[in-house]
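Sharing a structure here in structure tokens format.
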Amino acid sequence: MGKTGVVLLNMGGPDSLSAIQPFLYNLFSDHDIIRIPRPIQKPVAWLISRLRAKKTRHYYEVMGGRSPQREQTEEQARELQKLLGDSYRVVVAMRYWHPFTEEALKELFKEEIERIVLLPMYPQFSSTTTGSSFREFERVYRRSGHPDIPVLKVESYHDHPLYIEAMVENIRESVNRPEEYFFLFSAHSLPMYVIEEGDPYREQTEETVRLIMEHFPGIDYALGYQSRVGPVKWLEPMTDKLIEELAGKGVKKVCVIPVSFVCEHSETLYELDVQYGELARELGIEDYVRVPTLRTHPRFMEALRDIVQSVEREHALP
């Protein structure tokens, strides 16, 4: 009897300073994220990636010369493998850097696989993240020559009880007296045209925050967005602007909670920790706590196991 293959889908990140430019080129070549007219997308992506690589090189130097996202996603895969057991095979497929989908499939089909579960490391669905990873998987799988077996997709788990529980426990483990803090949630921003086309990302992110805050009655909070790129209108308010507003109101203790990320990368380790941390201190915020991403938090691992097994039950083979 064959195994269930579980593919953890994530964005990926440069694993060296020399990988920054090709990683960015792959990112900006993706039409699901950046809507450049297709005939000129790749040349424009090359130009943007050259320019942004110089700017972002400093981010990665501060982070030790690389993004830790691959190692952390592989760590999640190993922990999930332990929880699911021998009738499963868990692998990692990154969208913009190694290991790519081709590499993940090669690893997966070293064993006899009878179904595949695509499990995004994005709790909230967006066509620019989960949707893009799904489409890339379909493109690669179609031409891979591997057997045509059922592929089950986990669209999102933004409101899964164990995921919410993991977020709540993670916050409680990071701040001793949560009632003394303003809770500032931060999620990756998106161009507004994506939201206006019906993308559920904003609604799902707001729902995640609402469900978490049910466990912290009476605490003031806000949801901001980060990492805007380019001239088009993006989802707001921006996290750094909210920090400025909070400081202007005399708030002294801020707990920053990354809500759309489950691994550390440049947006948490540089933007939230370095850029926004420095901004907060300059503006007079005395206690700036950034809650770590979930990574292999035991409750989060339990959530992922439950999600995989639930989607299997929903699509049980006859």
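The values are calculated or read from the model by the stated rules, or taken from the named source; none is laboratory data. The structure presented is a predicted model; accordingly, all values stated were derived computationally and were not measured. Don't worry about glycine lacking a Cβ; one is built from the backbone with ideal geometry, like all the others, and counts go over all protein chains shown.
Take the residues in the stretch 1-33 that are outside any helix (DSSP H, G or I) and of a type in the set (Val, Ile, Thr), then tell me which one is surrounded by the most Cβ atoms within 10 Å (Cβ to Cβ).
6
Could you tell me which residue of the stretch 34-52 is modelled with the highest pLDDT, considering only residues that are surrounded by fewer than 20 Cβ atoms within 10 Å (Cβ to Cβ) and either part of a loop (DSSP other than H, G, I, E, B) or polar (S, T, N, Q) (or both)?
41
Identify all residues within the stretch 102-131 that are of a type in the set (S, T, N, Q) and surrounded by 21 or more Cβ atoms within 10 Å (Cβ to Cβ); write none if there are none.
Passing the criteria: 124, 126, 129, 130.
Same structure again: From the residues in the stretch 260-284 that are surrounded by 22 or more Cβ atoms within 10 Å (Cβ to Cβ) and aliphatic (A, V, I, L, M), which one is farthest from residue 153 (Cα to Cα)?
280
While we're here: Which residue pairs have Cβ atoms closer than 8 Å, lie 6 or more positions apart in sequence or on different chains, and pair a first residue in the stretch 151-168 that is without any contact (Cβ under 8 Å) to a residue 40 or more places away in the chain with a second residue that is part of a loop (DSSP other than H, G, I, E, B)?
Pairs found: 155/125.
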